[in-house]
Amino acid sequence: MRADYVTRPREQIAGVLRAEPRFLSAAEIHRALEQASARVSLSTVYRTLEYLRSKGDVTERLDEAGESTFMLCEPAHHHHHAICRVCGRVDDVSCAALGQIAESLRATLGFELDGHNMEFLGTCRSCR
């Protein structure tokens, strides 16, 4: 945890996110905190998640129902996620082929890629 956001509620929320290798909603994080007898309000969870997202330490994703979910992510390197539809487990995926995709877009469409979002959905080894 970086020194610029060390407060007890932020540490507790980051701890919940660290313990789960999947995207969690603010309500799920709040329930986990309540189960651990942490006295953190739901509004504090939302504010903290927004703060961590703005710092680049949390990735936000909309689930199938359109609800925002969050996960701690390694901000030092660009990567994508393989997400299990059964258990929600998330694994980081390096995307070395992106250079080839960008070149193909440039050559065939004249399209200059300046950003992208990609996630892989399926079933993890444990759930198969």
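The values are calculated or read from the model by the stated rules, or taken from the named source; none is laboratory data. None of the values given here were measured: they were computed from a predicted structure. When we count neighbours, we look across all protein chains shown, and the Cβ atoms used for this are built from the backbone with ideal geometry, even at glycine.
Quick notes
- Residues in segment 117-128 that are surrounded by 12 or more Cβ atoms within 10 Å (Cβ to Cβ) and either basic (Lys, Arg) or free of Cβ contacts under 8 Å to residues at least 40 places away in the same chain (or both): 123 alone.
- The set of residues in segment 61-78 being without any contact (Cβ under 8 Å) to a residue 40 or more places away in the chain and either in contact with a Leu (Cβ under 7 Å, 6 or more places away or on another chain) or not hydrophobic (A, V, I, L, M, F, W, C) (or both) consists of 64, 66, 74, 75, 77, 78.
- The residues of segment 97-128 that are part of a loop (DSSP other than H, G, I, E, B) and either charged (D, E, K, R) or over 30 Å from residue 19 (Cβ atoms) (or both), listed by number, are 97, 110, 111, 112, 113, 114, 115, 125, 128.
- Applying a threshold of 6 Å to beta carbon distances and a minimum spacing of six or more residues, or different chains, the list of pairs starting in segment 79-102 at a residue that is over 18 Å from residue 61 (Cα atoms) and ending at one that is assigned to a strand (DSSP E or B) reads 95/80.
- Which listed residue is over 28 Å from residue 11 (Cα atoms) and among the small types (Gly, Ala, Ser), from 32, 96, 82, 38: 96
- The one condition from (1) without any contact (Cβ under 8 Å) to a residue 12 or more places away in the chain; (2) in contact with a helix residue (DSSP H, G or I) (Cβ under 7 Å, 6 or more places away or on another chain) that residue 37 does not meet is (2).
- Within segment 34-66, considering residues that are hydroxyl-bearing (Ser, Thr, Tyr) and modelled with pLDDT under 90, the one nearest to residue 82 (Cα to Cα): 59
- Residue in segment 53-60 that is of a type in the set (Ser, Thr, Tyr), in contact with a Pro (Cβ under 6 Å, 6 or more places away or on another chain), farther than 15 Å from residue 90 by Cα and free of Cβ contacts under 8 Å to residues at least 60 places away in the same chain present: no
- Condition check for residue 53: of a type in the set (D, E, K, R), in contact with an Asp or Glu (Cβ under 9 Å, 6 or more places away or on another chain) and not in a loop (DSSP other than H, G, I, E, B): yes
- Qualifying residue in segment 62-74 (condition: in contact with a Ser or Thr (Cβ under 8 Å, 6 or more places away or on another chain), exposed (fewer than 11 other Cβ atoms within 10 Å of the Cβ), aliphatic (A, V, I, L, M) and assigned by TED's automatic domain parsing to the domain that holds residue 21): yes
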